[in-house]
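Quick one: the structure is below, and I'll ask about it shortly.
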Amino acid sequence: MRDWKNWVTLAARLILGIVFIIAGVGKIGNLTQSVAATNAYQILPSSVAQIVGYALPFCEVGLGLVLVAGLFTRVAGALGGLLQLAFIIAIASVWARGISIDCGCFGNGGPVDPVQAVKNYPWDILRDVGLLACGAWLVFLGKPFLAIDSWLFKPLDQIAAEMGPKGAKGGKGSKRR
């Protein structure tokens, strides 16, 4: 039986990846709304928010596909975690400033009833903290399992074992004098 950490890594990778794919696809269908949702946070200058609003859905889908495939898993996990951290900060920012919006995480976005916004913000942040934890797991504890990484790249301990007991300091084939 495989180590339980392998299964947690697979779950973290698939959860984070699938959420990014769903979020990105939900926005690609209406990029104008994605730009409006990004502007609603009132954090970025309008010209920058427009670029982010157009680019973010494609970045989310691309990152999600890379995560689901298990390609460059640690880097993708780090990028996914950083995106989640940015989303947490953005949602906390609008909440603290009394701005009532739908987060726009899966499409839509924009102004909403203040009561509804205050009710949703804690759940939005909690969801994103969970997704941030998935990204952190992939960076710090995850090993490639059922991933393209496991076929493309050998684990460091396997490389060290193949180098022999002397490692790179003078084993077979060393040209040291």
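Pick from GLY64, GLY77, GLY164: which is most flexible by mean-square fluctuation in a GNM of the chain where alpha carbon atoms under 10 Å apart are linked?
GLY164
If you don't mind, another one. Hey, can you grab everything whose amide H is under 5 Å from the amide H of ILE101? Only 5+ residues off in sequence or another chain; H modelled, so Pro and N-termini drop out.
Close amide H contacts, sequence-distant or interchain: VAL112.
For the chain, how many pairs of lysine residues have a Cα-Cα distance under 21 Å, where the two are 8 or more positions apart or belong to different chains? List each step's numbers first, then the result.
Numbers: LYS5/LYS143; LYS5/LYS154; LYS143/LYS154; LYS154/LYS166; LYS154/LYS169; LYS154/LYS172; LYS166/LYS175.
Within the chain, the lysine pair count is 7.
So for the pair LYS154, GLN116, with labels modelled 7 Å out along Cα→Cβ, what separation do we get in nm?
Rounded to a tenth, the inter-label distance reads 5.7 nm.
Could you state the angle between the C-alpha long axis of helix 4-28 and the longest principal axis of the C-alpha atoms of the chain, as a value from 0 to 90 degrees rounded to the nearest 10?
Helix 4-28 and the main axis of the chain meet at about 40 degrees.
Can you show me the helix-derived [θ] at 222 nm for the chain, built from DSSP H runs with n ≥ 4 at -39,500 (n - 2.57) apiece and divided by the number of residues, rounded to the nearest 500. Show your work: numbers first, answer last.
Values: 7 runs with 123 residues, N = 177.
Result for the chain, helices only: -23500 deg cm²/dmol.
Between TRP123 and ALA92, 0.36 nm times their residue separation minus their Cα-Cα distance comes to what?
Numbers: separation 31, 0.36 × 31 = 11.16 nm, distance 1.13 nm.
Taking TRP123 through ALA92 to full extension adds about 10.0 nm, to one decimal.
Values in this text are rule-based calculations from the coordinates and carry no lab data. As the structure is a prediction and not an experimental result, all values here were calculated from the model. All Cβ positions, even for glycine, are placed from backbone atoms using ideal geometry, and neighbour counts span all protein chains on display.
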